[in-house]
Structure formats: C-alpha cells, structure tokens
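As structure tokens, the structure follows; a few thoughts come after it.
The values are calculated or read from the model by the stated rules, or taken from the named source; none is laboratory data. Keep in mind that what you see is a predicted model, and the values were worked out from it rather than measured. A quick note on method: Cβ atoms are made from the backbone with ideal geometry, for glycine too, and the neighbour counts reach across all protein chains shown.
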Amino acid sequence: MSNKAAKQEITEPDKLQVLLGQVRDYVLTHKRNIAVATTIVLAVFVLIGGWAYYRQTEETKAMNLYNKAVMETIRVRMAGLDATAAVKPLQDVVEKFPSTEAAILARYRIGNAYLNAGQIDAALKAFQGYLKEMSGQNELTVLVHNGMGNCYEVKKDYKNALAHYEMALNAKAGKPFAGDILANLARTYEAMKDNKKAVEYYQKSLDKTNDPAMKLIIGRKIAILG
C-alpha cells in the first residue's frame with residue numbers, strides 16, 4: 001500500500017508546484033497589464049500624497065495671511081478707523097486661498113466688519129458666502145446666523161431677523177451664546193410692538209445671562225414693558 005502511494009506521489013505533479021506554475025504562466029502572459037496596473041496604483045498613491053502635501057501647504061500659507069489680516073483688523077479698531085478698512089486684507093485671504101479654513105474664517109470677519117460699518121447689504125452677502133462654504137453646526141455658524149439676524153433687524157425685516165436668531169439659538173453650538181441671542185429675539189419682538197413676547201424672551205435672557213451690567217439692563221426692560 002505504501003509503495004503504491006509513493007509511486008502515485010512520484011507520477012502525479014505536486015499541487016503547490018502546479019499552482020506556482022499557473023501563477024508564473026499568468027504573470028508571464030499578462031506582465032504588460034500587471035506592470036500598467038502597478039504603475040497606476042503607485043501613481044495614485046503619489047498623487048494622493050502630493051495633494052495632501054499641497055493642501056497642507058496652502059492651509060499654512062492661508063492661515064499665516066489670515067493672522068496678519070486679523071492683526072490689521074485690531075489695528076484699525078484701536079485707531080478708530082472705518083471698519084471697512086479691515087476688509088481688504090481679509091478679502092485677500094478669500095481671493096488667494098478660497099478653499100481653505102482661513103478663507104471661511106475671513107468671510108465671517110468680513111461680514112462683521114461690514115456690519116460694524118453699517119454696510120448691511122455687504123455684511124449679508126459676506127455672511128451668506130460663509131454659509132455657502134461651511135456646512136454643519138459650529139460656534140462660528142451660530143455667530144453668523146446671529147449676525148444675519150442683526151442685519152435683518154437693522155433693515156426692519158423682522159421676519160428674517162427672528163428666523164436667523166432662532167437658527168442660532170436652536171443650534172447645539174448656540175448654548176454659550178443663548179443669553180445674547182434671547183435678548184436679540186426680545187429686542188426684535190419689542191420693535192414689532194409685541195410686548196408680551198418681548199418680556200417673555202427678556203426673562204429667558206435674564207435667566208441665561210451672567211453679566212451683572214446686562215442683567216441690570218434686561219431687568220429694566222422687563223419692568224418697563226411688563
């Protein structure tokens with residue numbers, strides 16, 4: 001029996017050798033295609049790595065330019081100059097590095113600069129540009145909606161003002177700013193001559209506000225309207 005098995009092992013090809021032979025034949029037959037596929041895979045990895053490096057480099061350059069623009073914003077404010085003087089360096093960030101995080105931050109600051117200068121339509125355009133580029137809820141988005149609420153309030157478009165204040169208030173990231181946003185809602189209802197709603201939101205704001213001076217102002221508002 002053992003002789004028969006040994007004879008069979010000698011006469012039959014080894015399965016591993018057969019498999020290796022098939023692999024070798026496949027490689028020899030398709031070596032051109034394999035070489036092309038390998039080159040493509042390597043090229044893809046090189047492109048991905050190169051793109052990641054490029055993006056990181058662009059983000060670094062953009063943030064450096066943004067930080068300089070912020071310093072210019074501070075200088076303008078301390079010098080008592082027109083707030084729009086701070087727009088140009090921030091706009092440079094957006095134009096030179098439009099797809100970066102720094103550009104998103106710059107759009108928010110541009111909106112604020114125009115709002116502080118009383119250029120409401122320009123402020124709205126900048127804030128809308130921010131929302132177009134930025135998805136999801138974060139603290140900066142909350143501030144943008146709050147800023148847009150300010151813009152519409154100045155324009156006496158109270159419906160849109162309330163809508164943006166509500167979006168800011170209802171966002172998860174809006175909790176730290178709840179006192180201020182509630183006061184903005186109250187002020188808008190007051191402008192609409194809805195004293196009942198105004199008092200309701202002033203009271204809510206009072207409960208969320210820690211600033212003693214702000215508490216005093218809100219308390220007086222409640223006393224006058226109530």
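Some observations on this one:
- Pairs where the first residue, in the stretch 154-172, is under 16 Å from residue 128 (Cα atoms) and the second is among the aromatic types (Phe, Trp, Tyr), C-beta under 6 Å, 6+ apart: 160/152; 161/152
- Contact map, the stretch 109-138: first residue outside any helix (DSSP H, G or I), second residue charged (D, E, K, R), Cβ cut-off under 9 Å, separation 6 or more or different chains; pairs are 117/82; 134/107; 137/172.
- Subset of the stretch 71-97 that is at pLDDT 85 or above, surrounded by 14 or more Cβ atoms within 10 Å (Cβ to Cβ) and out of contact with any helix residue (DSSP H, G or I) (no Cβ under 6 Å at 6 or more places or on another chain) - its residue that is nearest to residue 119 (Cα to Cα): 91
- Scanning the stretch 202-223 for residues being at pLDDT below 90 and aliphatic (A, V, I, L, M) gives a total of 0.
- Looking only at the stretch 190-215, and only at residues there that are among the hydroxyl-bearing types (Ser, Thr, Tyr) and in contact (Cβ under 8 Å) with a residue 24 or more places away in the chain, the one that is surrounded by the most Cβ atoms within 10 Å (Cβ to Cβ): 205
- Number of the condition not met by residue 156 [criteria: (1) closer than 29 Å to residue 91 by Cα; (2) part of a helix (DSSP H, G or I); (3) among the charged types (D, E, K, R)]: (2)
- Within the stretch 105-142, the set of residues being aliphatic (A, V, I, L, M), crowded, with 21+ Cβ neighbours inside 10 Å and within 16 Å of the chain's Cα centre (by Cα) comprises 105, 106, 110, 126, 142.
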